[in-house]
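For reference, the structure is listed below as structure tokens.
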Amino acid sequence: MAVTFQKETVDPASVRGQLTLALSRTGVPHIVYTDSTGRIKYARKEAAGWVRETLPAGNDAGGDDDRVCLALDSRGNPHIAYRDLGDDHLIYGVRNGAWSFEEVPTQGGIHPRGARHISLGLHPDRFGSGLKDTPHLAYHDMFHTGLGYAAKVPDDDGHVTWKGHVKEVDNPDSPHDAGLYTSLVFDADETISIAYFDDRAGEFQRLKLAVQGEFAWEKNVVGDGTGLGECASMAPGLVGRDAVGYYDVTNKCVTVWIRDRDEPPPRKEVVAADVPRGARPSTAATPTHALRVAYEHSGLRFAVRTANDTWEVQTVDTAPAAWPSLAYDGSGTAHLAYVSGGALKYARGTG
């Protein structure tokens, strides 16, 4: 059965994109995005409508293919991370009354260096680890050309710091790269997984998965390890399953890689074929762990994985669309943000 979407305009003009949508614990949508100059803006839905604000001067996002990341903590405070327009440094910000920002010391926890393809997650701490709401970041380290990870967490003396918690997760030999198009999530067991691509000197761009272990990261190539892929989007909060949506450049299709941890082997499913490059899939799961994907293709498309492991696709908006970001609340309602015609749009889906 098709999902019924109610659409509305959040910001009517001069929107570039790079957006991320996040939901509060009560299902209220919040969106971070950029205007045509790269200035970062933040919008949230209130009873009277959308409230928008522009972040303080000097907070401009770079990278045409980099999202500005957004996550909401347990108190509803927004946390963001982005690639700085001026020097490519990774910037982390949080609003707790007022906004505060800092450069993340991606060089060994001491100095900032260039970073791109950033993703952000906040620790849920359902099991009393003491890490609740701490920020965890994955990114492509432009200095070491590998996958980087950084967390701002308490050290042995109780000081909350990045130092000692910045790691090179995957650092391939030159001329190869790793850590492209990262997607970091916490699973139901609070284990961190990072989906990303590596680049084998332009010959292959392989989908990989890094899972944080007690002493080291476990890294594996997933899929067949050939072809070109981009724009990984991992569904958060799944139980016993990993699911990564991405765009398969070689075969021109939106694809989801799925691994059920107690039922090997993993499998690759085509969501939609004959899709032009630039689809930027956004993958999410319903409260019952059913998979959904939003992507660009002659407008905005929304795909539902059925009980028969097939995909049904519907059109949400026929107008040209970009930068979809999809999330589900606890009641099973879909929330979808995207850019169309230079405007920021929001769609709420039920059914």
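If the requirement is being in a loop (DSSP other than H, G, I, E, B), open to solvent by 10 Å² or more (accessible area, probe 1.4 Å) and closer than 25 Å to residue 283 by Cβ, which of these qualifies: 76, 86?
76
This table checks each residue for (1) free of Cβ contacts under 8 Å to residues at least 40 places away in the same chain; (2) over 23 Å from residue 233 (Cα atoms).
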{"residue": "57", "(1), (2)": "yes, yes"}
{"residue": "61", "(1), (2)": "no, no"}
{"residue": "90", "(1), (2)": "no, no"}
{"residue": "99", "(1), (2)": "no, yes"}
{"residue": "102", "(1), (2)": "yes, yes"}
{"residue": "108", "(1), (2)": "no, yes"}
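Can you go through 68, 94, 28, 10 and tell me which one is among the hydrophobic types (A, V, I, L, M, F, W, C), over 15 Å from the mean Cα position of the chain (by Cα), open to solvent by less than 40 Å² (accessible area, probe 1.4 Å) and under 27 Å from residue 295 (Cβ atoms)?
Answer to the selection: 10.
Mind checking which residues of the stretch 268-291 are under 19 Å from the mean Cα position of the chain (by Cα) and open to solvent by 40 Å² or more (accessible area, probe 1.4 Å)?
Residues satisfying the conditions are 277, 280, 287, 289.
Can you tell me how many residues in the stretch 303-325 are farther than 20 Å from residue 242 by Cα, touching a strand residue (DSSP E or B) at 6+ places or on another chain (Cβ under 7 Å) and either open to solvent by less than 10 Å² (accessible area, probe 1.4 Å) or β-branched (Val, Ile, Thr) (or both)?
Counting residues in the stretch 303-325 that are farther than 20 Å from residue 242 by Cα, touching a strand residue (DSSP E or B) at 6+ places or on another chain (Cβ under 7 Å) and either open to solvent by less than 10 Å² (accessible area, probe 1.4 Å) or β-branched (Val, Ile, Thr) (or both) gives 4.
Of the numbered conditions (1) assigned to a strand (DSSP E or B); (2) under 17 Å from residue 332 (Cα atoms); (3) in contact with a Phe, Trp or Tyr (Cβ under 8 Å, 6 or more places away or on another chain), residue 257 satisfies every one except a single condition; which is it?
Among (1) assigned to a strand (DSSP E or B); (2) under 17 Å from residue 332 (Cα atoms); (3) in contact with a Phe, Trp or Tyr (Cβ under 8 Å, 6 or more places away or on another chain), residue 257 violates only (2).
Among all residue pairs at least 6 apart or on different chains, which show Cβ distances below 7 Å where the first residue, located in the stretch 175-186, is more than 11 Å from residue 147 (Cα to Cα) and the second is modelled with pLDDT under 95 and open to solvent by less than 10 Å² (accessible area, probe 1.4 Å)?
Close Cβ pairs (under 7 Å, with a partner that is modelled with pLDDT under 95 and open to solvent by less than 10 Å² (accessible area, probe 1.4 Å)) amount to 176/198.
Sort out which residues of the stretch 226-248 are more than 16 Å from residue 208 (Cβ to Cβ) and open to solvent by 10 Å² or more (accessible area, probe 1.4 Å), and write them in order of number.
Passing the criteria: 236, 237, 239, 240, 241.
Using beta carbons and a limit of 9 Å, which pairs, at least six apart or on different chains, have the first residue in the stretch 292-309 and acidic (Asp, Glu) and the second one assigned to a strand (DSSP E or B) and at pLDDT below 95?
309/267
Among the residues of the stretch 128-176, write down those that are in a strand (DSSP E or B), of a type in the set (A, V, I, L, M, F, W, C) and open to solvent by 70 Å² or more (accessible area, probe 1.4 Å).
If the condition is that a residue be in a strand (DSSP E or B), of a type in the set (A, V, I, L, M, F, W, C) and open to solvent by 70 Å² or more (accessible area, probe 1.4 Å), then 160 is the only one that fits.
The values are calculated or read from the model by the stated rules, or taken from the named source; none is laboratory data. What you are looking at is a predicted structure, and each value in this text was computed from that prediction instead of being measured. Cβ coordinates were reconstructed from backbone atoms using ideal geometry, including for glycine residues, and neighbour counts include every protein chain displayed. Keep in mind that these areas ignore ligands, DNA and RNA; they rest on the heavy atoms of the full protein, side chains included. Shrake-Rupley method; radii C 1.70, N 1.55, O 1.52, S 1.80 Å.
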